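Student: Mind having a look at this structure? Questions to follow.
What follows is calculated from the coordinates using simple rules that are stated; it is not laboratory data. None of these values were measured; they are calculated from a predicted model. Every residue, glycine as well, gets a Cβ built from its backbone with ideal geometry; the counts of neighbours run over all protein chains shown.
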Amino acid sequence: MPIRFVLLLLALLPCCAQADEAVREDWNAKFQTTYSWQHKPGFNALYSGQNSLLNSAENSYTFTTDAFVGVRVRQNSELYFVPEITQGVPFSNLNGLGGFTNGELTRASGTSPKIYRQQLFLRQTWGFGGGAENIDSDMNQLAGTVDKNRFVLTAGNFSTLNIFDNNLYAHDPRTQFMNWSNMTYTAYDYAADARGFGWGIAGEWYQDNWVVRFGRMTVPKEPNGLQLDYQFFKHYGDQLELECGHEIGGQAGKVRLLAYRDHAVLANYRDAINFGVATGTTPSIFKVRNGEKSKFGFGADVEQSINANTGVFMRAMWTDGHTETDAFTEADQSIAGGLSFKGADWGRARDTVGVSLSNNRLSKDRRDYLQAGGISFFIGEGALNYHPESILESFYNWNASKHASLTADFQHISNPAYNSDRGPVRVWGMRLHLEY
């Protein structure tokens with residue numbers, strides 16, 4: 001049914017006039033392969049539980065290969081298809097952290113490679129003048145010319161992060177920071193299946209220096225599940241983002257404000273605590289997931305160029321914190337910021353150095369639930385000496401050529417899974433990325 005939905009939209013969308021195109025692709029095919037390897041030595045822990053990060057030494061890796069195929073089916077209509085091969089093993093079965101050490105870990109499929117359809121979506125553009133803007137050839141992007149003032153509709157199978165929270169300096173764990181807390185807001189429980197993708201529709205209205213984005217995506221049938229719920233008007237995830245571009249001292253920057261709301265069959269932490277008290281058992285969200293609930297949050301994202309080779313970014317998000325994780329996040333408030341440097345000063349203009357600091361926190365309801373012995377999808381150790389989880393990350397991305405880069409990455413994680421009785425954890429990583 002979802003594929004028929006895209007084809008129907010394709011048939012109904014009209015062909016719209018647009019500015020004359022100086023450079024235009026009718027189709028393209030891009031490819032990427034990324035292998036990321038990480039090692040953590042053993043660390044101190046007063047105790048461990050069911051969902052703890054193992055305090056013994058471990059290795060983790062992910063391997064992904066993608067083909068990005070785009071076709072211009074009409075003058076302003078583009079269809080994209082992305083198959084992916086994935087393989088990988090996370091630390092401790094992905095347990096024991098709020099900020100995952102590798103943003104690709106949710107797609108880890110074990111030691112045997114698996115192929116699946118990652119994305120299949122339609123993009124339609126309507127132009128409204130304001131001058132011409134060139135679009136470069138890229139993954140999920142055909143080269144061409146569009147009006148600066150325009151409306152873009154995306155419909156089909158894609159990721160919420162394709163459209164929202166696209167920070168210039170911290171967004172792609174394949175080429176930039178590796179930790180999830182730098183890929184997007186840690187507290188952003190965006191609607192998606194367990195791999196990070198879903199079916200939906202999103203609109204983007206570009207007007208001068210402003211962009212308004214809105215969208216609705218499918219949620220999983222069960223939290224953190226692969227099977228999606230296609231009751232699009234009953235269970236869903238909505239997003240709304242306002243972006244403003246600006247210049248400070250002649251240097252470009254952007255500010256984004258984001259709001260999201262998930263509505264699905266979810267458990268409430270306080271209900272789980274009360275049920276545990278009433279029955280004399282350990283509280284469990286899995287025993288009180290019996291009704292539709294909403295979860296919402298608000299975030300702010302800033303990116304700012306300092307000069308031609310240096311940029312700074314910051315993200316912060318607050319969520320209501322009463323309701324369990326729907327897809328990924330094991331955080332209720334998060335803030336992250338950092339610097340990104342290009343290597344022109346030392347004769348390596350394509351190289352990038354990054355350093356960031358992230359701080360993740362839990363709501364009182366979630367803290368009380370974990371302190372009473374409850375577990376969630378990725379955290380829960382039977383007890384909790386609560387302190388915010390802090391992550392320091394630095395990386396050096398060495399570009400061997402236009403198509404190949406090698407990255408060294410280091411992360412220092414204090415209070416993993418918000419528990420000061422465990423850690424700190426140090427993670428060393430290497431990443432090979434190829435694209436064409």
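Student: Based on the mean of other Cβ atoms within 10 Å per residue, sort peptides 386-396, 132-142, 206-216 so the most packed one is first.
Tutor: The densest-packed peptide leads the list: 386-396, 206-216, 132-142.
Student: So what's the angle, to the nearest 10 degrees on a 0 to 90 scale, between helix 2-12 and the longest Cα principal axis of the chain?
Tutor: Rounded to the nearest ten degrees, it is 30.
Student: Related question: What is the local net charge at E389, summed over the other residues whose Cβ is closer than 10 Å to its Cβ (Lys, Arg +1; Asp, Glu -1)?
Tutor: Around E389, the surrounding residues sum to 0.
Student: Now for a different question. Could you let me know the centre-to-centre spacing of the range 389-436 and the range 35-74, using Cα atoms, in angstrom?
Tutor: So the two Cα centres are separated by 11 Å.
Student: Can you give the Rg and Dmax of the range 117-162 based on its C-alpha atoms, in angstrom?
Tutor: Cα only, the range 117-162: 11.9, 37 Å (Rg, Dmax).
Student: Extending each Cα 7 Å along its Cβ direction at F410 and E247, get the distance between those two points in nm, one decimal.
Tutor: Output for this residue pair reads 3.9 nm.
Student: Further question: Please compute the modelled spin-label separation between Y35 and K148, points set 7 Å along Cα→Cβ, answer in nm with one decimal.
Tutor: Each label point lies 7 Å from its Cα, and together they span 4.6 nm.
Student: Whole angstrom only: what separates the Cα centroid of the range 183-231 from the Cα centroid of the range 329-369?
Tutor: 21 Å
Student: Against the longest alpha carbon principal axis of the chain, how many degrees, from 0 to 90 and to the nearest 10, is the axis of helix 269-279 turned?
Tutor: Value to nearest ten degrees: 30.
Student: Of the options N359, Y35, Q141, report the single residue whose Cα projects farthest towards the positive end of the charge dipole of the range 2-435 (beta-carbon charges: Lys, Arg +1; Asp, Glu -1).
Tutor: Y35
Student: Oh, and also: When the chain is fully extended, how far beyond the present Cα-Cα distance does M430 get from S112, taking 0.36 nm per residue of separation?
Tutor: Gain on stretching M430 to S112: 112.4 nm.
Student: Among residues other than A192 whose Cβ falls under 12 Å from its Cβ, what is the net charge (Lys/Arg +1, Asp/Glu -1)?
Tutor: Details: positive: R107, R195; negative: D189, D193, D229, D262, D326.
With Lys, Arg at +1 and Asp, Glu at -1, the neighbours total -3.
Student: Next question, about the same structure. If each residue's Cβ is checked for other Cβ atoms within 10 Å, how do W398, W27, W318 rank with the fewest at the top?
Tutor: W27, W398, W318
Student: Report ³J(HN,Hα) in whole Hz for each residue of the range 199-206, in order, from the Karplus equation J = 6.51 cos²θ - 1.76 cosθ + 1.60 where θ = phi - 60°; Gly and Pro get x.
Tutor: Listing the rounded values in order: 10, x, 9, 9, x, 10, 10, 9 Hz.
Student: Working from the pairwise distances between different alpha carbons, so that the mean of 1/r is found and then inverted, what is the range 264-324's Kirkwood radius in Å? Intermediate results must be reported in sequence, preceding the final value.
Tutor: Numbers: mean 1/r = 0.0695 Å⁻¹.
After inverting the mean inverse Cα-Cα distance, the result is 14.4 Å.
Student: Next question, about the same structure. Note the direction-averaged projected area, equal to a quarter of the hull surface, for the Cα convex hull of the chain, in nm². Write down the numbers at each step before the final one.
Tutor: Working: hull surface 82.5 nm².
Here the figure is 20.6 nm², rounded to one decimal.
Student: What's the extension gain from L357 to A383 if we count 0.36 nm per residue and subtract their Cα-Cα distance?
Tutor: Using 0.36 nm per residue and subtracting the Cα-Cα distance, I get 6.7 nm.
Student: In whole Å, how far is the Cα centre of the range 268-323 from that of the range 153-177?
Tutor: Using only Cα atoms, the two centres lie 20 Å from each other.
Student: Also: Run the numbers for N309 and Q227: contour at 0.36 nm per residue of separation, minus the present Cα-Cα distance, in nm.
Tutor: Details: separation 82, 0.36 × 82 = 29.52 nm, distance 4.33 nm.
Gain in length upon complete extension: 25.2 nm.
Student: Please grab the % of Cα pairs in the range 69-192 that end up more than 23 Å from each other.
Tutor: 44 percent
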